[in-house]
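Trainee: Sharing a structure, written as structure tokens. Questions coming.
The values are calculated or read from the model by the stated rules, or taken from the named source; none is laboratory data. Every value quoted in this text rests on a predicted model; they were computed, and no experiment measured them. Glycine also receives a Cβ, built like all others from the backbone with ideal geometry; neighbour counts cover every protein chain displayed. These accessible areas exclude ligands, DNA and RNA; they are computed on the full protein's heavy atoms, side chains included. Shrake-Rupley method; radii C 1.70, N 1.55, O 1.52, S 1.80 Å.
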Number of protein chains: 2
Amino acid sequence: MTTRNDCLTRDAHDPLAALRDQFDLPAGVIYLDGNSLGARPKAALARAQHVIGHEWGKDLIRSWNTAGWFDMPKRLGNRLAPLIGARDGEVVVTDTTSLNLFKALAAAIHLQAQHPERSGRRVIITERTNFPTDIYMAQGLSSWLDRGYTVKLVDSVEDIPAALDGDAAVLMLTHVNYRTGYQHDMAALTRLAHEAGAVAIWDLAHSAGAVPVDLHAAHADFAVGCTYKYLNGGPGAPAFIWVPQRHQAAFTQPLSGWWGHAAPFAMAPDFAPTEGIGRALCGTQPVTSLALVECGLDVFEQTNMAAIRAKSLALTDLFIELVESRCAGHPLGLVTPRDHARRGSQVSFTHPHGFAVMAALIERGVIGDYREPHIMRFGFTPLYTSFADVWDAVEILKEILDNGKYDIAAERGAVT
Amino acid sequence: MTTRNDCLTRDAHDPLAALRDQFDLPAGVIYLDGNSLGARPKAALARAQHVIGHEWGKDLIRSWNTAGWFDMPKRLGNRLAPLIGARDGEVVVTDTTSLNLFKALAAAIHLQAQHPERSGRRVIITERTNFPTDIYMAQGLSSWLDRGYTVKLVDSVEDIPAALDGDAAVLMLTHVNYRTGYQHDMAALTRLAHEAGAVAIWDLAHSAGAVPVDLHAAHADFAVGCTYKYLNGGPGAPAFIWVPQRHQAAFTQPLSGWWGHAAPFAMAPDFAPTEGIGRALCGTQPVTSLALVECGLDVFEQTNMAAIRAKSLALTDLFIELVESRCAGHPLGLVTPRDHARRGSQVSFTHPHGFAVMAALIERGVIGDYREPHIMRFGFTPLYTSFADVWDAVEILKEILDNGKYDIAAERGAVT
């Protein structure tokens, strides 16, 4: 039986423990919501002061060149690339995940149209349980194209092979499910998609910085993701898009703004896309928010995804073990896979009063979040979550459940 | 003949003079590029520290509610609205100008499709000299719709009436031209568009905070604009979109992300747009950059657009007078209209070596910018530009021209 002392011992031997000091974690809080908004790297404050006080305040317009603002989407993309198995010149940090997915979907449809034998395919396949904004963007694109595109929602991963029929244009999946923490087999599903003649797009919102990802090994076609969750880039920080070199020459998308132009300062009246990943750029980016993404990436350069994954699995295993042992008898249902290969870096449990229990946890300083229906989500960020945190969080959960200290009349109010 | 003392006297009697103290302007710099990147409100640094240190760092995910992150696009929109003749609930600050224009164009096309007698119209009309990204976005949207849409570029404002024929779906114009500073007659052109059965979209990038705008008086249909130029919102700060209440129920656009959903936390698998201006929202916004927009708007609440316009015309009149008198004999050509009604808040002069002369000016601390072909742009921001600044800038220009102190081999490197 694991004890709190065992947890302290594991912390003492944790090779990542020292990284916790690089984050600003408020006193009295056990933060298990890094899957929604990553904690603040301490360095972010000084970086913002420099960007705002010096680059904007003193150098003003000149900072587009002198401070590297113009190159920032590509520079940050190159730094992020190793975390997802991408190469130099294949990633830009820009816009939002929703918008980048729109670009990837449009590019995928364009790609299929180049193949005469596939140009008649009109179905975008995804999961009904995918993060809703992904589905909404696919619906938005489909309904605006007068080509009869539809979005087909499958109910489970088992239904994907049958859905990949002769009409399948695109398979669009989120690698780690935001609600359940289920991790798809990216390589296997991409292979299935390709065998069926479909293009595979992956949303890495809950994967980048959370689990090892190797886009090239999986032969994925396009990917998008988020920097404000496990990458700790700051609230609403710009997202990323990956376009492998093999697809860049054919990459075409309708959000064709000045930043994606071959000669953005020639002021030509016709759009001509730049070479390479730059054609995924569109309009002027929010420089201050963009610059803070680098502070999150700086921490990752001090470790590697193998070490992060090893601790992530240890933390989530421990959480499952402790909840199931110490809170036994309460109506908690594990939603997240026990199988390591299928697990992301979060653990979700259902409870009939999940919202109220989560509200009580938050009141006690254990911050997870709630997702319909009945699901309490707990995200584990190896960079700043300790084994003792896991113990303490479960003890507080046990106390709330044992004493019924939650208000079932409480209303909900969490945000993704 | 105006003297420097006259300028100092005008500064002494300038009712806006005190506002200059609210901006951080570097020593030794005369900043005439607020039409590209507005100067930094001093308050921005403390605001960023609060957002990053407290809202992100301490309150973490709870700040979506407690710090009003979720309401920020609408709250900032309501504060911006009076500057452009818009009403409460008609403006959101979000995404980029390019993307908002894409939404407005899509909504305009959808609007036309509702009128059986106009649903066959397939031409988007704009000026060849419009800011290129506006043209590019229209081209991007057109080429992705399989409905035969095209973008027609007119060479001058005189060509617009003839272009507004039975095929005209949308008239899309930038109110104040980025290069020349020419200001369109918004009401007259909107009336022309409507008489021809077209929808009128206005880009206010060089208008919001620069010149009085009354979208409702002009009966405009949609508008977009920028917060990082005359509104001083910070580098690349999120843009805005205006949808008047009369068009909100029919407002439909393909960038349908979670933030525009009627029930964003119900996690429903089908997109259903929210009521009102919220349906112009798409994905998660860059909170830090967004929050800084408020610091710029705070300054505007201490004055009004009539006072700003009076000083803007006085500054630009003075600049034209001084350049034409003190730099007489040099090959400078005024591009900006002398007519007040047709002038924005900038003055552009051509010079055969415009790029080199501007580089020399910047070297001497007079920061304007250069735009192809041969155009030197000087932006005047009444909130922080003094009459003495105008005198001193012209004296430095005169010295550079009189002594040929510019390097015609210099390369270009400015950014919008």
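Trainee: Does segment A:273-303 hold any residues that are touching a Lys or Arg at 6+ places or on another chain (Cβ under 9 Å) and in a loop (DSSP other than H, G, I, E, B), and which are they?
Mentor: A:281, A:282, A:301
Trainee: Tell me yes or no: at least one residue of segment A:363-372 is more than 14 Å from chain B (Cβ to nearest Cβ), buried (at least 22 other Cβ atoms within 10 Å of the Cβ) and not in a strand (DSSP E or B).
Mentor: no
Trainee: Of the residues in segment A:200-249, how many are among the hydroxyl-bearing types (Ser, Thr, Tyr), more than 16 Å from residue A:344 (Cα to Cα) and more than 14 Å from every other protein chain (Cβ to nearest Cβ)?
Mentor: 0
Trainee: Can you find even one residue in segment B:332-353 that is within 14 Å of chain A (Cβ to nearest Cβ) and not acidic (Asp, Glu)?
Mentor: yes
Trainee: On the given criteria, is residue B:180 free of Cβ contacts under 8 Å to residues at least 60 places away in the same chain, β-branched (Val, Ile, Thr) and not assigned by the TED database to the domain that holds residue B:383?
Mentor: The answer is no for residue B:180.
Trainee: Would you please list the contacts, defined by Cβ atoms under 8 Å and residues six or more apart or on different chains, that run from a residue in segment B:336-348 that is in the same structural domain as residue B:393 (by the TED database) and more than 18 Å from residue B:381 (Cβ to Cβ) to a residue that is surrounded by fewer than 24 Cβ atoms within 10 Å (Cβ to Cβ) and among the basic types (Lys, Arg)?
Mentor: Final answer for the pair search is B:337/B:343.
Trainee: Can you name the residue in segment A:266-287 that is of a type in the set (A, V, I, L, M) and over 23 Å from residue A:54 (Cβ atoms) and, of all such residues, is surrounded by the fewest Cβ atoms within 10 Å (Cβ to Cβ)?
Mentor: A:266
Trainee: Pick from A:129, A:133: which is facing another protein chain (nearest Cβ under 9 Å) and more than 25 Å from residue B:107 (Cα to Cα)?
Mentor: A:129
Trainee: In segment B:147-187, which residue that is farther than 21 Å from residue B:118 by Cα and over 19 Å from the mean Cα position of the chain (by Cα) is surrounded by the fewest Cβ atoms within 10 Å (Cβ to Cβ)?
Mentor: Selected residue: B:158.
Trainee: Can you work out which of the residues in segment B:1-21 that are of a type outside the set (D, E, K, R) and in contact with a Leu (Cβ under 8 Å, 6 or more places away or on another chain) is nearest to the other protein chains (Cβ to nearest Cβ)?
Mentor: Applying the filter and picking the extreme gives B:19.
Trainee: Inside segment B:37-53, can you point out the residues that are touching a residue at least 40 places away in the same chain (Cβ under 8 Å) and basic (Lys, Arg)?
Mentor: Within segment B:37-53, B:40, B:47 qualify.
Trainee: While we're here: Only one of B:138, B:104, B:86, B:108 is out of contact with any Lys or Arg (no Cβ under 9 Å at 6 or more places or on another chain) and facing another protein chain (nearest Cβ under 10 Å); which?
Mentor: Residue meeting the stated conditions: B:138.
Trainee: A further question follows. Would you say residue A:121 is modelled with pLDDT of 95 or more, assigned to a loop (DSSP other than H, G, I, E, B) and within 30 Å of residue B:113 (Cα to Cα)? First the steps, then the outcome.
Mentor: Details: modelled with pLDDT of 95 or more: yes; assigned to a loop (DSSP other than H, G, I, E, B): yes; within 30 Å of residue B:113 (Cα to Cα): yes.
Taking the combined requirement at face value, the residue satisfies it.
Trainee: Okay, next question. Filter segment A:112-142 down to residues that are out of contact with any Pro (no Cβ under 7 Å at 6 or more places or on another chain), closer than 22 Å to residue A:194 by Cα and open to solvent by 30 Å² or more (accessible area, probe 1.4 Å), then give me how many there are.
Mentor: Number of matching residues: 10.
Trainee: Could I ask something else about it? Just to verify a result, which residue in segment A:304-353, among those that are assigned to a helix (DSSP H, G or I) and of a type in the set (S, T, N, Q), is farthest from residue A:400 (Cα to Cα)?
Mentor: Among those residues, the one meeting the criterion is A:312.
Trainee: Pairs needed: first member in segment A:97-110, open to solvent by less than 10 Å² (accessible area, probe 1.4 Å); second member anywhere, part of a helix (DSSP H, G or I) and of a type in the set (S, T, N, Q); C-beta distance under 7 Å; at least 6 residues apart or different chains.
Mentor: A:98/A:133
Trainee: Go through B:42, B:58, B:103 for me and flag whichever is modelled with pLDDT of 95 or more and under 30 Å from residue B:193 (Cα atoms).
Mentor: After ruling out the rest, the residue left standing is B:103.
Trainee: Residue under question is residue A:290, and the condition is that it be crowded, with 24+ Cβ neighbours inside 10 Å and under 30 Å from residue A:40 (Cβ atoms); does it hold?
Mentor: It is true that residue A:290 is crowded, with 24+ Cβ neighbours inside 10 Å and under 30 Å from residue A:40 (Cβ atoms).
Trainee: Working only within segment A:3-26, note down all residues that are under 17 Å from residue A:387 (Cα atoms), in a loop (DSSP other than H, G, I, E, B) and in contact with a Lys or Arg (Cβ under 9 Å, 6 or more places away or on another chain). Walk me through it before giving the result.
Mentor: Restricting attention to segment A:3-26, the residues satisfying the condition of being under 17 Å from residue A:387 (Cα atoms) are A:3-21, A:23, A:25.
Retained after the next criterion (residues that are in a loop (DSSP other than H, G, I, E, B)): A:3, A:13-16, A:25.
Correct list: A:14, A:15, A:16, A:25.
Trainee: Using the structure shown, decide if residue B:263 is touching a His at 6+ places or on another chain (Cβ under 9 Å) and open to solvent by 10 Å² or more (accessible area, probe 1.4 Å). Spell out how you get there, then give the answer.
Mentor: Details: touching a His at 6+ places or on another chain (Cβ under 9 Å): no; open to solvent by 10 Å² or more (accessible area, probe 1.4 Å): yes.
It is false that residue B:263 is touching a His at 6+ places or on another chain (Cβ under 9 Å) and open to solvent by 10 Å² or more (accessible area, probe 1.4 Å).
Trainee: Please enumerate the residues belonging to segment B:222-248 that are in contact with a helix residue (DSSP H, G or I) (Cβ under 9 Å, 6 or more places away or on another chain) and open to solvent by 10 Å² or more (accessible area, probe 1.4 Å).
Mentor: B:228, B:245, B:247, B:248 - these are the residues of segment B:222-248 that are in contact with a helix residue (DSSP H, G or I) (Cβ under 9 Å, 6 or more places away or on another chain) and open to solvent by 10 Å² or more (accessible area, probe 1.4 Å).
Trainee: Right, here's the next one. Applying the selection to segment B:30-45, what residues are more than 10 Å from chain A (Cβ to nearest Cβ) and open to solvent by 30 Å² or more (accessible area, probe 1.4 Å)?
Mentor: Within segment B:30-45, just B:43 meets the criteria.
Trainee: Which residue, of A:76, A:25, A:60, A:8, is open to solvent by less than 30 Å² (accessible area, probe 1.4 Å) and in contact (Cβ under 8 Å) with a residue 60 or more places away in the chain?
Mentor: Numbers: A:25 fails: open to solvent by less than 30 Å² (accessible area, probe 1.4 Å); A:60 fails: in contact (Cβ under 8 Å) with a residue 60 or more places away in the chain; A:8 fails: open to solvent by less than 30 Å² (accessible area, probe 1.4 Å).
Sole residue among the options that is open to solvent by less than 30 Å² (accessible area, probe 1.4 Å) and in contact (Cβ under 8 Å) with a residue 60 or more places away in the chain: A:76.
Trainee: So which of A:252, A:288, A:284, A:303 ends up being more than 30 Å from residue B:64 (Cα to Cα), among the polar types (S, T, N, Q), within 10 Å of chain B (Cβ to nearest Cβ) and in contact with a helix residue (DSSP H, G or I) (Cβ under 9 Å, 6 or more places away or on another chain)?
Mentor: On the way: A:288 fails: more than 30 Å from residue B:64 (Cα to Cα); A:284 fails: more than 30 Å from residue B:64 (Cα to Cα); A:303 fails: within 10 Å of chain B (Cβ to nearest Cβ).
Exactly one of A:252, A:288, A:284, A:303 is more than 30 Å from residue B:64 (Cα to Cα), among the polar types (S, T, N, Q), within 10 Å of chain B (Cβ to nearest Cβ) and in contact with a helix residue (DSSP H, G or I) (Cβ under 9 Å, 6 or more places away or on another chain), namely A:252.
Trainee: Something else now. Quick one: which of B:235, B:264, B:254 is in a loop (DSSP other than H, G, I, E, B) and in contact with a Gly (Cβ under 8 Å, 6 or more places away or on another chain)?
Mentor: Selected residue: B:254, the only one of B:235, B:264, B:254 that is in a loop (DSSP other than H, G, I, E, B) and in contact with a Gly (Cβ under 8 Å, 6 or more places away or on another chain).
Trainee: Restricting to segment A:193-217, and then to whatever is open to solvent by less than 10 Å² (accessible area, probe 1.4 Å) and without any contact (Cβ under 8 Å) to a residue 60 or more places away in the chain, can you tell me which residue is farthest from the chain's Cα centre (by Cα)?
Mentor: Among them, the one singled out is A:193.
Trainee: Here are some conditions: (1) within 11 Å of another protein chain (Cβ to nearest Cβ); (2) under 22 Å from residue B:96 (Cβ atoms). Residue A:92 meets all but one. Which one does it not meet?
Mentor: (1)
Trainee: Could you say whether any residue in segment B:257-267 is in contact with a Lys or Arg (Cβ under 8 Å, 6 or more places away or on another chain) and modelled with pLDDT under 95? It would help to see each step written out before you state the result.
Mentor: Taking segment B:257-267 as the starting set, the residues that turn out to be in contact with a Lys or Arg (Cβ under 8 Å, 6 or more places away or on another chain) are B:260, B:265, B:267.
Narrowing the set further to residues that are modelled with pLDDT under 95 leaves B:265, B:267.
The answer is yes; a qualifying residue exists.
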